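The values are calculated or read from the model by the stated rules, or taken from the named source; none is laboratory data. These figures come from a predicted structure and were not determined experimentally. Every residue, glycine among them, receives a Cβ derived from its backbone with ideal geometry; neighbour counts consider all protein chains shown. Surface areas here come from the heavy atoms of the whole protein model, side chains and all, with no ligands, DNA or RNA. Shrake-Rupley method; radii C 1.70, N 1.55, O 1.52, S 1.80 Å.
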Amino acid sequence: MEKLAKPIIVCHAEQSVDYTVFDAKWIPCSAKFVALGSKPRNTGALQIYELSAGKLNLVKQHEQPNPIKCSTFKASSLRERYLATGDFKGRMCIYDLEDASTPVYKVEGHKQIINAIDGVGGDTIGCGAPEILTGSRDGSVKVWDPRQKDRPVAIMEPFEGDQRRDCWSVAFGNSHNNEDRVVAAGYDNGDVKMFDLRAMALRWESTLKFGVCGLEFDRRDIPMNKLVATTLKSRVYVFDLRTQHPKKGFSYLVEKAHSSTVWLVRHLPQNRELFMTAGGNGSLCLWKYEYPPKRKVQGADGIEEGVIGSLNLLQNNILSSQPISSLDWSTDKTGLGLITSFDQTIRVILTTKLNLY
Amino acid sequence: MGKGKEEDDEIPPPKQEQSENLLKKYDIPVEHLSFEYVKECNDSKEIERIVRILRSGEEGCYPDLTRCAEERLGQLKPRSRLLYDPKPVTSRSMLGPDERKQLDSELDSWTREMRTREYDLEEEANQTQRPPIPRPAIRRSPREPKLGADARDEAANAKERRRLASCDYAAWDRYDAETEVSKIDLRAERELAEAKRLQERRKHELASSRKEVAIEKSLLTGTELSVMATREREKGNEAFRAGDYAEALQLYTTSIAMDCDIAAYNNRAMTHIKLRNYEKAIKDCQTVLEVDSMNVKALLRRALAFEHLEKSKEAIKDYEAALNVDPNNKTAIAALNKLKKYDDDTDSVRLTIEEIYD
């Protein structure tokens, strides 16, 4: 019975492309997605595909001046569905996909490549202003409001003269009302920092063993609950964020998986306890987080400390021979995922039986 | 899976250049590599070793036996690292024809649904010139927070200032070790109190931020509202499963305010039962039953709420109604049996009481 209920990852459709594809995202409320990357001539690719009858049909494409690294729809409302992108030259652009030839918003945000982008507040009400978060090789993390031209609304970077670390991953979280919001950033030396945007202060920091490639809160728009960080050398960290101990910080667990770099983590939009990690050997791991019987304990000194649960590996599959560059779950269909990898292929996967968990 | 540390209780993988084979190394007799032994073996460590030996191919290649040993290991120790070995992803051609057909039709109907939803979304947006959705003001940062730990630097500077030079004898004469120690204790105490206050404040802030969100329905289109309501409900389900009932209640309420869906009412009723607001749970169930009088979940939940309020007559009525719709419902049958028995008991008790007072 247990065996039967195990989710199965089915590769539903494949499409090879003639460029290095870095990112692909489902367009909200549609069966279409946008694929982004770098063309051989060092220009950017932006393509829109539609899933129909088991095939991927190219709807339209636009060549962009710079290779594009990352993108998000999360800062845009459902009626607009604008795509925010970060490119190799450090520019952050927002595109209206109806006419993606020129961006509707453009800013030279960073001096070097934007490695990671995240958005929040677009498709929700009462969860704060729409904002875009970018992290770059130049060591700075910036928050942008699409309503404000040219200037970021917040910058988080080291002091003048301090060493600048390459920022590899960023994530928004704790945005459960109009005021509260935190930003998490992961760096190449294993640092993870969490900034409170309301207090404009560092809330928490930690140093993991290896560079932090992937970072995601289980939900952006709830009181922060869990944070997953994935690193070089096949480590997956899960932090319980409900209880912060003044000295010990957040309680956490470590798992070893993928036997290579764990590039990224994505939580299922329909169930925050399920998430998938993707590795440098082209493998996918589907995990389920199990809560402990009690999520916090009170120490002898009266200070509360969080208790971490455990991870259960539900499925482990090899998808491609090359590293996986991006993964995106559809918010409209449980288990429908979009995966790009460095073998220049876009794949649509369907994970079955997720509703049983 | 250690708490805060990496735990490696598994057997270290064998080194390549080892001359002795695994069978010798683990000291397992070759007879143990059989279906009979593997199926009966209850030692997860030994099974792990057998799987390693079989996978290594040193004793020959036995795919069926290997699979059997892996299955046994899955039963004994489902979280064994050995089972983490990735398998190739399932492709469409590997599925049975029925499964494939089912998946294809599921996705086809989904793509059609998405096309209509997208069309609706665009139509609604074009039809009426709606004002933009009100958003909180643009953030204005008073100062740029720095990554560098300025607080840490300040503390280090302060320490530097307080430190006595070893040749400063006058200062050392004035130095009183006991007062310094008590100062340190005092500081530790103050820090502890400060930390406690911070935790309390965070809890309080979280609780006070749980207020209802005012939703201007007129500013949003029907499709937008229904999509948002579904997401809120899903978030509510997550909170409910994690046991955060107060949070779940708030999320369901927001979902209901966006789009009156009976599923959200049904879920909120269950949350109310968990929070012991039985009257409110009954009200939510009634809302569902007004729309769909045959809704088994709502009937069962109302019955449960009645049961908690000790209105067994009403509870029995609801359980019976639920059984009319779904005659094999186990919850209803069990509850009904329990209630009827209890009811008989209370009747007899009540009778005796009446006798006394009459």
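Across the range A:245-250, computed HN-Hα scalar couplings (Karplus, 6.51 cos²θ - 1.76 cosθ + 1.60, θ = phi - 60°) run 7, x, 9, 7, x, 9 Hz from first to last residue, x flagging Gly and Pro. Among residues other than B:M228 with Cβ under 10 Å from its Cβ, the summed charge is -2 (Lys and Arg +1, Asp and Glu -1).
Here the scattering of the range A:268-357 is modelled by Debye summation over its C-alpha atoms, one equal scatterer each and no solvent; at q = 0.24, 0.25 Å⁻¹ the log10 of I(q)/I(0) is -1.18, -1.24. All other residues whose Cβ lies under 9 angstrom from that of A:K39 are scored, Lys and Arg at +1 and Asp and Glu at -1, for a net of -1. Across the options B:S293, A:L58, A:T20, the greatest Cα extent toward the positive end of the charge dipole of the protein assembly as shown (unit charges at beta carbon of Lys, Arg, Asp, Glu) belongs to A:T20. Using θ = phi - 60° in the Karplus curve 6.51 cos²θ - 1.76 cosθ + 1.60, the 3J(HN,Hα) couplings for the range A:63-69 round to 8, 10, x, 10, x, 9, 9 Hz; x is entered for Gly and Pro. Taking both sides together, the accessible area buried where B meets A is about 7900 Å² for a 1.4 Å probe.
Coupling constants for the range A:296-309 follow from the phi torsions by the Karplus curve (6.51 cos²θ - 1.76 cosθ + 1.60, θ = phi - 60°), and in residue order they are 8, 10, 9, x, 5, 8, x, 9, 7, 9, x, 10, 8, x Hz; glycine and proline get x. Dipole size of the protein assembly as shown about its Cα centre, with +1 on Lys/Arg Cβ and -1 on Asp/Glu Cβ: approximately 1240 debye, rounded to the nearest 20. Amide H to amide H distances under 5 Å link A:T43 with no residue, where only residues 5 or more positions off or on other chains count and H is placed in the peptide plane.
Overall, chain A carries a charge dipole of about 500 debye about its Cα centre when +1 sits on the Cβ of Lys and Arg and -1 on the Cβ of Asp and Glu, all other atoms neutral. Give me the distance between the Cα centres of the range A:282-314 and the range B:90-105, rounded to whole Å. So the two Cα centres are separated by 36 Å. As a size descriptor, the averaged projected area of the C-alpha convex hull of the range A:211-320 was calculated at 7.4 nm².
Taking A:G306, A:G173, A:G161 in turn, the Gaussian network model of chain A (Cα-Cα springs below 10 Å) assigns the largest fluctuation to A:G161. Which of A:Q15, A:Q344, A:Q298 ends up with the largest GNM mean-square fluctuation for chain A, with Cα atoms connected below 10 Å? Highest fluctuation among the options: A:Q298. Using a Gaussian network model of chain A whose springs link C-alpha atoms within less than 10 Å, name the residue from A:G119, A:G282, A:G299 with the highest mean-square fluctuation. Among A:G119, A:G282, A:G299, the largest mean-square fluctuation in the Gaussian network model of chain A belongs to A:G299.
Across the options B:A229, A:S77, A:C285, the greatest Cα extent toward the positive end of the charge dipole of the protein assembly as shown (unit charges at beta carbon of Lys, Arg, Asp, Glu) belongs to A:S77.
Here the Debye sum runs over all C-alpha atoms of the protein assembly as shown as equal scatterers in vacuum, and log10 of I(q)/I(0) at q = 0.07, 0.11 Å⁻¹ comes out as -0.59, -1.29. Its DSSP H runs of at least 4 residues, each contributing -39,500 (n - 2.57), put the calculated 222 nm mean residue ellipticity of the protein assembly as shown at -11000 deg cm²/dmol, to the nearest 500. Within straight-line reach of A:K296, meaning a Cα separation under 19 Å, sit the following lysines at least 8 residues removed in sequence or on another chain: A:K226, A:K247, A:K248, B:K3, B:K5, B:K196, B:K203. In a reduced charge model with +1 at each Lys and Arg Cβ and -1 at each Asp and Glu Cβ, the range B:170-211 shows a dipole moment near 700 debye about its Cα centre. Separation of the range A:130-153 and the range B:246-296, taken as the distance between their Cα centroids, equals 40 angstrom.
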